[in-house]
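Following: one structure in structure tokens, then a few remarks.
The values are calculated or read from the model by the stated rules, or taken from the named source; none is laboratory data. What you are looking at is a predicted structure, and each value in this text was computed from that prediction instead of being measured. For neighbour counting, all protein chains shown are included, and Cβ atoms are generated from backbone atoms with ideal geometry for every residue, glycine included. Note: accessible area is taken over every heavy atom of the protein model, side chains too, but ligands, DNA and RNA are not part of it. Shrake-Rupley method; radii C 1.70, N 1.55, O 1.52, S 1.80 Å.
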Amino acid sequence: MKKQFKVEELLKNTPVMTEVTVKGWVRTFRNNQFIALNDGSTINNIQCVVDFENTSEEILKRITTGAAVSLTGTLAESKGAGQKVEIQVATIEILGDSDAEKYPMQPKKHSLEFLRENAHLRIRTNAFGAIMRVRSTLAFAVHQYFQEKGFFYVNTPIVTGSDAEGAGEMFKVTSLPFDNTPRTEDGKVNYKEDFFGKETNLTVSGQLEAETYAMALGQVYTFGPTFRAENSNTSRHLAEFWMIEPEVAFNDLAANMDLAEDFIKYVINYTVNKHQDDLKFLEQRLLDEEKNKPQAERSEMSLLEKLNFVLENNFKRVSYTEAIDILRDSTPNKKKKFQYLIEEWGADLQSEHERFLVEKHFKCPVILFDYPAKIKAFYMRLNEDGKTVRAMDILFPGIGEIVGGSQREERYDVLIEKMKALGIDEKELWWYLDTRRFGTAVHSGFGLGFERLVLFVTGMTNIRDVIPFPRTPQNAEF
């Protein structure tokens, strides 16, 4: 039995005159002779030359765009331009026909909206093949980085009774019937009769549970699905997405910043080195897209320039207070060019402010820290000034915030006071408070929305295009 080769292997390493078998999908078939074959291993197709004079008419008719085929032949130097090698086909087997007239992924440019409506087939296009190969490698690099650094991978619950963010926008998990739902005497849903005996939801974060493991294993990370029932039908929101959340015992905020910067540079660098062809294609795609935009809306950097901008610059560390002063005195603020004007300390920064700091003012990635306590979560450590917390956000060009984290509040009494002030039930988080009662220590962590990272690395502008099957308001197709 002849060895089956991947297209990537044939194009890179295989010597000519080798007898090969390759299986894949027909991208195009020209002049009843030239098949452009792709098997997903690379963005590049391999040309396969069919001996049409000695191939039956019946077989030739079935070689249509989208058809799955198996080809056996000899790898030879290509006579055509644009490729070094081609396959001189000896035998061809049709594994699965394609209805040429009805197949949606014709070899032409399709709108992203059309491709979202055909998410089960869009992976067969060059763009989505490139995006998903990059996504796969980024995910591998995440695990490799943390494993090399001695972190332990923790699978935190998907079904939870706690709301880590305090946002309240969560999907309920229940086995109770919608008709004749059991009620208490005062008419409320009787969750004691539910499967878990209490109200439960899909998780928005694994952080709180990961903290408990960090207080025994030292350094841990989660990488799993999270859910938010936020009714935001925008290019930046998903109802189901993946989060990377490391937690490290004995790390203060400065060490947390060091870890986040080192981590994000590692995974981007690893992916850039592995996917030059895919990223060059996506870079050209982005340039073509931007030609249709007004000059003022076009990016000042190409995709690879943006990635190198992150890799080659040290991240500038700036306090929130300093950032507010810079923004308040900036030309766009004074000339009222910002959509959200900065007038006073305490404002919650928007993407336009974050991008100004990165792209115009500092001209490097920025880590903002020491935010006002009132705009951050309860678990962030309160500073001695009593009004700011040891929070940090990493800001990138073109996207704004990509990482959010903090030194966690390890002091039991301070955490209790913060929870009371925000109306958070101590009984619901008794186990979280226990970690502050027994062997408490300084610890820190951060969260990185994986799709935001894929969005940045691929240059895509809609988050629905960097996850295989997006879940958004009124859409749970596929």
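Each residue in the stretch 40-60 was checked for being out of contact with any Lys or Arg (no Cβ under 6 Å at 6 or more places or on another chain) and not in a helix (DSSP H, G or I), and 12 of them qualify. The set of residues from the stretch 73-90 being open to solvent by 30 Å² or more (accessible area, probe 1.4 Å) and under 18 Å from Asn38 (Cβ atoms) comprises Gly80, Gly82, Gln83, Lys84. Checking Val16, Val22, Val7, Val50 one by one, the residue that is modelled with pLDDT of 95 or more and farther than 25 Å from Arg135 by Cβ is Val50 and no other. Report every pair of residues separated by at least 6 positions or lying on different chains whose Cβ atoms are under 9 Å apart, first residue within the stretch 178-193 and free of Cβ contacts under 8 Å to residues at least 60 places away in the same chain, second of a type in the set (Asp, Glu). So the pair list comes out as Pro182/Glu193; Pro182/Asp194; Val189/Glu199; Tyr191/Glu199. Looking across the stretch 412-449 at every residue that is more than 13 Å from Met215 (Cα to Cα) and charged (D, E, K, R), the one that is surrounded by the fewest Cβ atoms within 10 Å (Cβ to Cβ) is identified as Lys427. Can you confirm whether Val16 is under 22 Å from Ala81 (Cα atoms), touching a residue at least 12 places away in the same chain (Cβ under 8 Å), of a type in the set (A, V, I, L, M) and surrounded by 15 or more Cβ atoms within 10 Å (Cβ to Cβ)? Taking the combined requirement at face value, the residue does not satisfy it. Please find, within the stretch 31-50, the residue that is farthest from Thr91 (Cα to Cα) out of those that are more than 35 Å from the chain's Cα centre (by Cα) and of a type in the set (A, V, I, L, M, F, W, C). The qualifying residue farthest from Thr91 (Cα to Cα) is Phe34. Against the list (1) among the basic types (Lys, Arg); (2) more than 30 Å from Phe309 (Cα to Cα); (3) in contact with a Ser or Thr (Cβ under 6 Å, 6 or more places away or on another chain), the condition Arg228 fails is (3). Pairs linking a residue in the stretch 30-51 that is closer than 18 Å to Ser70 by Cβ and without any contact (Cβ under 8 Å) to a residue 60 or more places away in the chain to a residue that is open to solvent by less than 30 Å² (accessible area, probe 1.4 Å) and acidic (Asp, Glu), with Cβ atoms under 9 Å and 6 or more positions apart or on different chains, are Phe34/Glu86; Ile46/Asp39; Ile46/Glu86; Gln47/Glu86; Cys48/Glu86; Val49/Glu86. Regarding the stretch 339-349, can at least one residue be identified that is open to solvent by less than 80 Å² (accessible area, probe 1.4 Å) and under 30 Å from Thr458 (Cβ atoms)? There is at least one residue in the stretch 339-349 that is open to solvent by less than 80 Å² (accessible area, probe 1.4 Å) and under 30 Å from Thr458 (Cβ atoms). Counted as qualifying within the stretch 132-251 are the strands (runs of 3 or more DSSP E) with 3 or more residues that are open to solvent by less than 30 Å² (accessible area, probe 1.4 Å) and touching a Phe, Trp or Tyr at 6+ places or on another chain (Cβ under 7 Å), namely 219-227, 240-249.
Quick grid of which residues meet (1) small (Gly, Ala, Ser); (2) farther than 16 Å from Ser78 by Cα:
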site	(1), (2)
Glu19	no, no
Ile43	no, yes
Cys48	no, no
Ser56	yes, yes
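Taking the stated definitions as given, is Arg124 of a type outside the set (A, V, I, L, M, F, W, C), buried (at least 20 other Cβ atoms within 10 Å of the Cβ) and touching a residue at least 12 places away in the same chain (Cβ under 8 Å)? It is false that Arg124 is of a type outside the set (A, V, I, L, M, F, W, C), buried (at least 20 other Cβ atoms within 10 Å of the Cβ) and touching a residue at least 12 places away in the same chain (Cβ under 8 Å). Just one of the listed residues (Asn31, Asn44) is open to solvent by 30 Å² or more (accessible area, probe 1.4 Å) and closer than 18 Å to Lys6 by Cα, namely Asn44.
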